[in-house]
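Report on the structure given below.
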Amino acid sequence: MADTLIVTFITPDRPGVVEQLSKTVSDLGGNWLESRMAHLAGTFAGVARVSAPDGKAPDIRAALLALESDDFQVMVKFAADVPDGAASAKGPLLELELMGPDHPGIVMEVTRCLAAAGVSVEEMVTWVEGAPVGGGMLFYAEAKVRLPAGLSEDDLEAALDATANALMVDISVGDED
């Protein structure tokens, strides 16, 4: 039975970063299963789920941590394998979109509201860009959120309305489709 490792990393952005990481895993018999990575402010950061053959997880972990000598910051954690169908046992997955004038505290206030309702953030992407009219910056967020049993989409929208009004942003919630 294979072990699962969760690898997080950050390094100055340069060509070959993903190849270096994936080669380290592959050279020791590991398999790169899934990942999320992004270029942010001159750095490259990511998280990956890697499977390791029996007995190889400590070797893969050590090899990945050794990349710190090549200007990587790496963290490797062991994770229990969760069957793919396990997520469907939870509540529905919805998409959340947010747009409004950028200012500090937007993510904190929205996620505070989500946490108070028992909603789990499955994925989130945020960015800022110049407003097309009037100058200033607009903040955008797109997230996939999973509702707990017993919370309806209407209940979530009602909870988010007060937060959206206080932040002066627009928040919409809808089916993942």
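If you take the residues in the stretch 26-66 that are of a type in the set (D, E, K, R) and closer than 22 Å to PRO12 by Cα, which one is surrounded by the fewest Cβ atoms within 10 Å (Cβ to Cβ)?
Here the residue is GLU34.
Consider only pairs whose beta carbons are under 7 Å apart and that are at least six residues apart or on different chains; among these, list those whose first residue lies in the stretch 113-125 and is in a helix (DSSP H, G or I) and whose second residue is at pLDDT 95 or above.
As it stands, the answer is CYS113/LEU160; CYS113/THR163; LEU114/VAL121; LEU114/VAL145, since those pairs meet every condition given.
Please pick out the residue among ASP161, ASP154 that is open to solvent by 70 Å² or more (accessible area, probe 1.4 Å), within 19 Å of GLY105 (Cβ to Cβ) and free of Cβ contacts under 8 Å to residues at least 24 places away in the same chain.
Checking each option against the conditions leaves just ASP161.
Being under 25 Å from ALA41 (Cβ atoms) and of a type outside the set (Val, Ile, Thr) narrows it down to one residue among PRO92, PRO101; which is it?
Details: PRO92 fails: under 25 Å from ALA41 (Cβ atoms).
On inspection, the qualifying residue turns out to be PRO101.
From the list GLU142, GLU129, GLU109, exactly one residue is surrounded by fewer than 11 Cβ atoms within 10 Å (Cβ to Cβ) and either of a type in the set (Ser, Thr, Tyr) or not in a loop (DSSP other than H, G, I, E, B) (or both). Which is it? Before you say what the answer is, go through the steps one by one.
Working: GLU142 fails: surrounded by fewer than 11 Cβ atoms within 10 Å (Cβ to Cβ); GLU109 fails: surrounded by fewer than 11 Cβ atoms within 10 Å (Cβ to Cβ).
Of GLU142, GLU129, GLU109, the one residue that is surrounded by fewer than 11 Cβ atoms within 10 Å (Cβ to Cβ) and either of a type in the set (Ser, Thr, Tyr) or not in a loop (DSSP other than H, G, I, E, B) (or both) is GLU129.
The values are calculated or read from the model by the stated rules, or taken from the named source; none is laboratory data. Computed from a prediction, not measured in an experiment: that's the story for all the values here. In this analysis, Cβ positions are derived from the backbone assuming ideal geometry, glycine residues included, and neighbour counts consider all displayed protein chains. Each accessible area value is taken on the protein alone, full model and side chains, heavy atoms only, with ligands, DNA and RNA left out. Shrake-Rupley method; radii C 1.70, N 1.55, O 1.52, S 1.80 Å.
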